[in-house]
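These notes are about the structure you will find just below.
The values are calculated or read from the model by the stated rules, or taken from the named source; none is laboratory data. This is a predicted model, so every value here is computed, not measured. Only protein heavy atoms, including side chains, enter the accessible area calculation; ligands, DNA and RNA are left aside. Shrake-Rupley method; radii C 1.70, N 1.55, O 1.52, S 1.80 Å.
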Amino acid sequence: MSATDLSHAEAFKAGVRAMVDMALIAAITLEVRADAGDVRQRAAVAALQGLAEGAKAAFLDPPNPLIRIFKMIAEDPASSGVLPCPTCAGRLVWVRDSFNGHLHGQCETAGCFRWMQ
Ligand SMILES: [Zn+2]
């Protein structure tokens, strides 16, 4: 992953964060309006809050980054590869043993992700 890819990833995250903020601000703005009791307003508030939660969960706080990484590796037909580390954004190198299917992985950052299964 190049520095350019990393800055794109950061820009994307910043964009998602801005979208989450805007959705929450819009939801709060609707809520404090005098007609917030209106069914359509309440539905809009719920939709905006759902959107914000969904975007945050999908892009900013994946429940378990390792699950995402293993899923990406499982879908990759190659026997090895490099993925962005979900913790430090460094290079996470993985190798699948062609004999026993065991998966080894290690982040380039000392003390970061490292597993063998
Ligand atoms: Zn790392």
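What are the membrane-span-like helices in the chain by this rule: whole DSSP H runs, Cα extent along the axis at least 30 Å, mean Kyte-Doolittle hydropathy at least -1.0?
3-32
Which residue, Val93, Val39, Val20, has the most motion in a Gaussian network model of the chain that connects Cα atoms within less than 10 Å?
The residue that fluctuates most here is Val39.
Tell me the carbon and sulfur percent of the accessible area for the chain, rounded to whole percent, probe radius 1.4 Å.
Answer for the chain is 62 percent, counting heavy atoms of protein chains only.
Which value, in Å² and to the nearest 10, is the accessible area of Cys85 when all protein chains are kept and the probe is 1.4 Å?
10 Å²
Ignoring everything except DSSP H segments at least 4 long, calculate the 222 nm mean residue ellipticity for the chain; use -39,500 (n - 2.57) per segment, divide by total residues, nearest 500.
That calculation yields -16500 deg cm²/dmol at 222 nm.
Once amide H atoms are built 1.01 Å from N in the peptide plane, which residues 5 or more positions from Thr109, or in another chain, come under 5 Å H to H?
Arg91
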